[in-house]
Structure formats: C-alpha cells, structure tokens
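In what follows, a single structure is set out as structure tokens and then discussed.
The values are calculated or read from the model by the stated rules, or taken from the named source; none is laboratory data. Keep in mind it's a predicted model, so treat the numbers as computed, not measured. A quick note on method: Cβ atoms are made from the backbone with ideal geometry, for glycine too, and the neighbour counts reach across all protein chains shown.
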Amino acid sequence: MRKLIGTKDFYKMALMIALPLMIQNGITSFVNLLDNLMVGQVGTEAMTGVSIVNQLMFVFQITVFGGVSGAGIFTAQYYGKGDQNGIRYTFRFKVLVVAVLSCLAALLLTAKGNDLIELFLHEDNVGNIDLCREQAQAYLKIIVLTVFPFVLTQAYSDTLRNCGQTLAPMIAGVVAICVNVTFNYLLIFGKFGFPELGVRGAAIATLMARITECTILIVWTRRRAARYPFILGAWSSMKIPGALARQIAVKGLPLLMNETLWSSGMAIMAQCYSTRGLSAVAAYQICMTVWELFTIVAFALGNSVGIIVGQKLGAGELDKAKDEAWQLIFFAVAVAAGCSAVLAACSSLFPQLYNTTQEVRELAAQMLVVMAIFLPFITFTHASYFTLRCGGKTLITLLFDSVFTWIVAIPLSWILSRYTALPMLPLYFCCQLPEILKCVMGFSFVKSGKWIQNLTLADMQ
C-alpha cells in the first residue's frame, strides 16, 4: 500500500512550487472580488452584464491554457532532462498555437459577441434586462482587446512554471493586479479627475493590467537569459523539428479539445442557470467569485502535481513520481476539506458585501453551501487530471473531463433547466452530483499507473 503521507522535505519542496501559485491566485481572486464589488456598485445590471461577458472570456482563456498545456508536458520533462533546445522548441510551439487562438477568439467575439450575450438574458423581477444588455455590450467592445497580451503572457508564464520558476509569473501577476484595481477605482467611479466610465472603465483597467503583465514577463525572461537559455534565439525563427511538432500535436490536441469543450460546457451550464432569471446569474457570479478564494490552496497543490511529477518522469524517477503523485493528491484533498468547512461557515457573510437585492444575497449564500459540499470531490478530480496529463495521457483526460461533461453534466443541466420547474438552488445541487462519479473515475485512472512514462526518451531532435 502506497504511503499517502510524505516527508517533511517533500512537503517543503511542494510548497516551494505551490506557494507562488497560491499567492498569485490568491491576490487575483481577491482582486476579482474587489472588481466584482466595484462593478456591483454601479448596479445589479452592470454586475450581471460583466459576468456574462466574463463567462464568454472564460471559454477563451481556458482554451488557451489547453493550447499551451500539450507543449507544457514536454517542457517540464525537457527541463528535468536538462535539454534547453527542447524547451525552446516547446516555447515556439506555444507561441504559434496561442497566436492562432487569439485571432480566432477576437473574430468570433467581434462578430457574434452580442448574439452570445443574448443567450444569457432572461427576464425576472430583479433587474432591467435592456440595461443589462447595454452594459454587457459596452464591456465586450473593450475587453476583446485583452486577448492578445493575455495569450503571449501564457506562453511565457507556462514555460517558466514548467521550468520550476513560479516566482516571476507571480510577481508579474501581482503588479498587473495592482494596476487593475487602481484603474478600476479611478475609471469606474471617475476619481481624481479621471472620467467616470462605469463598466467601460473596468474593461480599460483590465486591458492595461494585461499589457503590464505581458511586458514584465518578456523583459524579465530576456534579462535572465543566462539562467533560462531557452529564450536565446527563441524568436529568431519559429522552426520546430517535425518529429517533435507531431509528438506535441498528438499529445496536445486532446488537451486543446478538452479545455475548449470543458470551458464551453461550463458556459452552457451557466446559460442553463440563467433560465431562472437575472437574479440567478447575479447570484452565480457572486458564488464563483467567492469560490475562487476558497480553492486557492487546494488547486495550487493540484497544479503542482503536473510540475513536480512531470519533472520526476523526465528525470526517469518513475517510482518516485508515482508515490509523490498520490501524496500530493491526498494533501490537496485534505486541505480542500478544511477550506470547505470554512466556506460553509462563512457562506452568509460574503453576499452581504454586494450592492444587490436581498433575494440575490440569500440565493448566493445557499449556493455557497452547495459549493462547499462538493469542493473536496472537485479538488480530487482536479489533481487527478494534472497527474494523468503530466504523463502524457491526454486522450484519457479528454474522456475523463470533457466527454464526461458533455455526455453527463450538460444533458442533465439542460433537461432539468428546460423541462422541470426546479428553483435555482435544487437545480444547481443536482447539476453538481456528477462530480462524485467523476471523482471515482479519476481514482481509477490514477491507480492504473498507465500515465507513468518518460516522454523524452524518444529521439526527437
């Protein structure tokens, strides 16, 4: 029987990897909360409109993560092997992929963004649907510009994290967050002589933050080329060995498909919730913002599995990789259980911070309790996903994540939202139940050990 408890040195090493991710994600989540509160001061319609657009942007952002993840598997293993040429080639692959994705996203959101917004607008007794539409469209026109600095940031930050450098992306993220929250305050409310722009001000602040983060990472990496030689000559050409490109494509395409299908599936489920009116959309937005705060530690530990275990696989330490994967998964779930208890206890406090109706606040508090119940299960599947991915089992992750979402979760949400009169709370609870089955599947896949392999042994130079 595998030991689920690691050594003191192991946890110290894991936290050294995960802590910068926790700090960055923690600050990001806290600022998202502040952003949400600031926009919410403009009105329920403004908060709801922005949340609808952010749901669309979420699909794009997660797709980009999937686009770089396939190459990221190889980056981590090449770093474990000490192969800088391999890292350079994977970086170029990421740049090419995200360039295509950003252009496609910009075209889609520009041409069809208003039609997509319309899918989430359902009348109830809480807000003005016309005003909500107006606010969403105004926000979208500016926020679409953020796709270009965002994708370049991901190419750099993903490569650095795969090389064990999580501090630089954290610092860049923190600076960007400071820029974002500062200009949110100035431009949303028109402080210190700045124009009062409302949701447009929030979008401009986000654009400025994205540009700042991207610039910092580019300059930081270039100035430390001696430590990260992969960047030397990385932009001189986009040449990638054909064998390696095919190998990355084989492993990466399922990941890209997975993240695209999963994120679009989450958007469809959010649209199903929106059939219960603007109050449901507003409550769901509050819940997701608070939820981010309580998943920081557990999800960062889950993400660290891909880095730590991937490097062990690349170094040929297969048995150690297996043991450490289980130890990290157990640790992440234990932390998640503690976070869920705190979330349930504080569920009624956070919604009171929002300038919205009492109906929305009460619904949000009840939904947060449901989220707390399922947090440990979701954390286990999250860590399992990264375990399978770091060993290159991307087809299994596709089946495990997106296929499951589209075959089980989405049909369930669609049927319950369209063909029953279930109120929002029981509807949301029922739609979360498939997570338990998904957790069982994740355990089975990880336990099989089929993901334990070194992908860099083949000669792809």
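Reported count of residues in segment 234-244, each being in a helix (DSSP H, G or I), in contact (Cβ under 8 Å) with a residue 60 or more places away in the chain and surrounded by fewer than 19 Cβ atoms within 10 Å (Cβ to Cβ), is 1. Restricted to segment 389-450, the set of helices (runs of 4 or more DSSP H) holding at least 2 residues that are among the polar types (S, T, N, Q) comprises 394-398, 410-419, 434-448.
Say we look at segment 201-223 and pick out the residues that are in contact (Cβ under 8 Å) with a residue 40 or more places away in the chain and over 30 Å from Gly49 (Cβ atoms); which of these is surrounded by the most Cβ atoms within 10 Å (Cβ to Cβ)? My answer is Leu217. Please work out if Leu328 is part of a helix (DSSP H, G or I) and more than 30 Å from Thr7 (Cβ to Cβ). Considered against the rule, which asks whether it is part of a helix (DSSP H, G or I) and more than 30 Å from Thr7 (Cβ to Cβ), Leu328 comes out as no. Cβ separations smaller than 6 Å between residues 6+ apart or across chains give the following pairs from segment 109-122 residues that are at negative phi to residues that are part of a loop (DSSP other than H, G, I, E, B) and at pLDDT below 95: His122/Thr275; His122/Gly277.
Please verify whether Val305 is in contact with a Leu (Cβ under 7 Å, 6 or more places away or on another chain), surrounded by fewer than 23 Cβ atoms within 10 Å (Cβ to Cβ) and β-branched (Val, Ile, Thr), treating the condition exactly as stated. For Val305, the condition - in contact with a Leu (Cβ under 7 Å, 6 or more places away or on another chain), surrounded by fewer than 23 Cβ atoms within 10 Å (Cβ to Cβ) and β-branched (Val, Ile, Thr) - is not met.
Here is the figure for segment 234-286: residues that are within 17 Å of Arg88 (Cα to Cα) and in contact with a helix residue (DSSP H, G or I) (Cβ under 7 Å, 6 or more places away or on another chain) total 8. Name every residue in segment 285-335 that is of a type in the set (S, T, N, Q) and within 24 Å of Leu255 (Cα to Cα), in order of residue number. Residues satisfying the conditions are Thr295, Asn303, Ser304, Gln311. On the given criteria, is Thr153 within 29 Å of Leu313 (Cα to Cα), of a type in the set (S, T, N, Q) and in contact with a Cys (Cβ under 8 Å, 6 or more places away or on another chain)? Yes. Here Glu259 passes the criteria (1) buried (at least 19 other Cβ atoms within 10 Å of the Cβ); (2) free of Cβ contacts under 8 Å to residues at least 12 places away in the same chain; (3) charged (D, E, K, R) except the one numbered (2).
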